[in-house]
1. Is there any pair linking a residue in region 238-261 that is under 19 Å from residue 162 (Cα atoms) to one that is in a strand (DSSP E or B) and among the hydroxyl-bearing types (Ser, Thr, Tyr), with Cβ under 6 Å and at least six apart or on different chains, and which?
2. Out of the residues in region 152-210 meeting the condition of being touching a Pro at 6+ places or on another chain (Cβ under 7 Å) and among the hydroxyl-bearing types (Ser, Thr, Tyr), tell me which one is surrounded by the most Cβ atoms within 10 Å (Cβ to Cβ).
3. Tell me the residue from 179, 231 that is small (Gly, Ala, Ser) and more than 19 Å from residue 7 (Cβ to Cβ), please.
4. Return the residues of region 248-289 that are surrounded by fewer than 20 Cβ atoms within 10 Å (Cβ to Cβ), farther than 19 Å from residue 107 by Cβ and aliphatic (A, V, I, L, M); say none if nothing qualifies.
5. Which of the following residues is buried (at least 23 other Cβ atoms within 10 Å of the Cβ) and closer than 26 Å to residue 197 by Cβ: 37, 45, 66?
6. Go through (1) assigned by TED's automatic domain parsing to the domain that holds residue 224; (2) more than 19 Å from the chain's Cα centre (by Cα) and name the single condition residue 111 misses.
7. I need every pair where a residue in region 116-133 that is part of a helix (DSSP H, G or I) has its Cβ under 6 Å from the Cβ of a residue that is surrounded by fewer than 18 Cβ atoms within 10 Å (Cβ to Cβ), sequence separation at least 6 or different chains.
8. Are any residues in region 256-289 within 19 Å of residue 15 (Cα to Cα) and aromatic (Phe, Trp, Tyr), and if so, which ones?
Amino acid sequence: MTFHKLHGLGNDFVVVDALDDPEVARDAEEAAPGLCDRTFGIGSDGVLIAVPSDAADFEMIMVNPDGTRGMCGNGLRCFARFLRHTGRTTADAITIDTPGGVTTARLLASERPDAGEVEVDMGRPLLGRASIPMRVGPGQDPAAHVIDETLMVGDQAFPVTCVSMGNPHCVIFVEDPSAMDLAHLGPAIEHHEEFPERTNVHLVQVIADDELSLRVWERGAGLTLACGTGACAATVAGAVSGRSGRQAVVHMPGGDLRIHWKPEGNVLMRGPAVTAFVGEIELDRLPRL
């Protein structure tokens, strides 16, 4: 199987072209855990598969390292850059079908086809409890926003603000994200009973009205250097909770994204996407994880 390896701020992906052969898509999805394995495979935070779409120019299937399907903002930027690099498109604006709906990626001017900034319209965030989704208990309004709601994790209480960007996000505002054990807290919240489809987990520090610092635990992937949908969710959560504004530079271990939650409702995400290398791999050599 031929593949491209791309990353957005260190959030890295194996990208496979299955536009002409549905069997390639099936093989890539089945092999995704092995492809993502950093010891016996290529190593990545997920596998992106390009397939035809009736609703958009292309469809992106995103598979997590644990084999589940997901949605990823950094992945969308990498996917758009991959399509330009491989000559699948020469357009500056590409529509992409995703689990969160059809979105538009705009490739910004770059001297190289394999690297450069991409701006993605991530659509409207969903804030209702049932839409995130979260468990709706007796007497709870399924459309109510979850803002600074107490979540018990063992014997610890955390005020959480939750957002869907086509995938669920649990945002916790803290004074110092680096001082907390996200490797322990992340999986405990990801698999919490309040989140029937699990959730991404983010520790966020408000530096200024237009500046946030974010650490990421991704659903199905674990600790990652960056998360595009997470940066969007953090910005939305800061705005709805009154902690910060609707535009922010979001700092993550892998680098920065620029997020703008527009007054009309859509969230724009801007940041880099870079091709690291291109290669081939024999699937029968991969571990079956």
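The values are calculated or read from the model by the stated rules, or taken from the named source; none is laboratory data. Fair warning: this is a prediction, and the values are worked out from it, not measured in the lab. Note that each Cβ is placed from the backbone with ideal geometry, even for glycine, and that neighbours are counted across all protein chains shown.
1. From region 238-261, the pairs are 241/161.
2. 199
3. Details: 231 fails: more than 19 Å from residue 7 (Cβ to Cβ).
Of the residues listed, the single one that is small (Gly, Ala, Ser) and more than 19 Å from residue 7 (Cβ to Cβ) is 179.
4. Listed by number, the residues that qualify are 249, 281, 283, 289.
5. Details: 37 fails: buried (at least 23 other Cβ atoms within 10 Å of the Cβ); 66 fails: buried (at least 23 other Cβ atoms within 10 Å of the Cβ).
None of the others qualify; the one that does is 45.
6. Unmet condition: (1).
7. The qualifying pairs are 129/136; 129/142; 129/144; 130/136; 130/142.
8. Result: 277, single match.
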